Amino acid sequence: MMESDLRPDDINGLDGPNGIDGIDGIPQGAVLRLLSGPMRGCEFALPSGVTLFVIGPSDPAFDRGWQTEMPPNAIYVPMDGDGGDNFEVLVDDAGREGLFVRVLNEGAGAEVAIDASQIARIGDVRVGVKRVDAVWSDEVQRSLCADARLDDGVSPARARRRWQQAFWSCAVVVLLVASAFFYWRSEPQRQAQSVSEYLESLGGRATVLPGNDGHLYVLTEDGDARNALTRALGAEVIKREKLVLVALNEENARITQWIDTSRTDVLYFKLSLDDPAVPELWINRKQKGLSDMEMAQFRQALLEKIPYAHRVNITLHDETEASGEAEDALKRQMVPFLRADTPEGVTFHISTELDDVQLRRLNGFMQTFEKRWGKRLVHFNVDLRDDWTAQQSYAYGPAAYVKDGPHQWRFINRQ
């Protein structure tokens, strides 16, 4: 391989006494000039036949050990970026006179004739080829002096590759940023999961949720469970892990008290904390006195009062459905009642004599009803003052008794 800045006068003496070994007056050999890349302006003397130009990266860190296996008629040309396709220059090859450039790409075999007045473009590579005794055209001379950045503007293939590189680079950056963001967002969830597993190892049952204030909330069913977990964890662990232990029944009372104090125009059945991360407030559909904007503001204010919740659901329910369900159940149990409808809700007044079985059945219904509908809009007022056996009688199957005095019981056969 020869890399030099040759001129026609410099080539004299290469072949024969006058530098030209002529056949029928046609000079033998040619000169190729690189018009782009790091070796821009260098010229290569080409003998008759075929000369292979191998285009590769110009990065010195790139492993080019394979060059040792290149054929003797090959010349390695370093190029920046993606480079271009390998090509061959044919000089009077196989008895065919003329200069030709053959591009070795997927469509290998295509040849184009070239002379000193033309510039051949092979990907990002631009070259000129001429006979040793010919003079470079003005176009080739101007191309050598032109700014190398102009090549990028006139090379659609190079521009397309650069756009592709920029696109994939941006995609990789976006992917890395997104991965880092999601990892950062999921850190509180992983910490909550770790605390939850630790509580399970202690035998405690609680829901652990990350709060928007930087704390982890440990939610228990009641105060007794919270106190037990507080003793099991210890003050040091609670402080180190930034834990806040709360009882759900106390939380429900705290939040509903805030609603009653701040928004007296909101008539609701209950606040459900079955899923503490998504609390649900049941509002009376008929008595809803809030516009859509006011409802959105109220939902946001309610969410701010529950730091461990990431969303608050507000659902509308009919008061008539709840009161109708209660009335039907009382009728099925054959319990006399008096219904009173007020703007604040419905109250069922029950004043009668009930035996223990009836009273137990009524209490069971009331507990089930309050668990479903709450006890704010539908009330039960039970008055058993006329039943002198209240809290003094017992019945189970045929066995029953009534306590008549401090030391006197009366057993009744119910068969």
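All of the numbers you see were taken from the coordinates with simple rules; none came from a lab. Quantities reported herein were computed from a predicted structural model and do not represent experimental measurements. Here the Cβ positions follow ideal geometry from the backbone for every residue, glycine too, while neighbour counts run over all protein chains shown.
Please list 3J(HN,Hα) in residue order for the range 310-315, calculated via the Karplus relation 6.51 cos²θ - 1.76 cosθ + 1.60 where θ = phi - 60°; whole Hz, with x for glycine and proline.
9, 6, 10, 9, 10, 10
For the cross-link pairs Lys239/Lys371; Lys305/Lys371; Lys239/Lys375; Lys270/Lys331, which exceed 29 Å when the distance is taken from alpha carbon to alpha carbon?
Lys239/Lys371; Lys239/Lys375
Using amide H atoms built in the peptide plane, which far-off residues or other-chain residues are under 5 Å from Leu104 H to H?
When sequence neighbours closer than 5 places are left aside, the close amide H contacts are Asn86, Phe87, Glu88.
Calculate the FRET efficiency for Val172 and Ser58 from the Cβ-Cβ distance with a Förster distance of 30 Å, rounded to the nearest 0.05.
For Val172 and Ser58, the calculated efficiency is 0.80.
Quick one: which residues, 5+ away or cross-chain, put their amide H under 5 Å from the amide H of His379? H built at 1.01 Å from N.
Excluding prolines and chain starts, which carry no amide H, the hits are Val346, Thr347, Phe348.
Among 208-220, 315-327, what's the highest-first ranking by average C-beta atoms within 10 angstrom per residue?
Ranked from most to least packed, the peptides come out as 208-220, 315-327.
Separation between the Thr342 and Ala329 pseudo-spin-labels, each 7 Å from Cα along Cα→Cβ, expressed in nm?
Placing both labels 7 Å along Cα→Cβ, they lie 2.1 nm apart.
HN-Hα J couplings of the range 344-352 from phi, Karplus 6.51/-1.76/1.60, θ = phi - 60°, integer Hz, Gly and Pro as x?
8, x, 10, 10, 9, 8, 10, 9, 6
Starting from the amide H of Val54, placed 1.01 Å from N in the peptide plane, find each other amide H under 5 Å away whose residue is 5 or more places distant or on another chain.
For Val54, the qualifying residues are Ile75, Tyr76, Val77.
So what are the ³J(HN,Hα) numbers for the range 35-43, from phi and the Karplus equation (6.51, -1.76, 1.60; θ = phi - 60°), rounded to whole Hz, Gly and Pro as x?
Values per residue, Gly and Pro as x: 10, 8, x, x, 9, 4, x, 6, 10 Hz.
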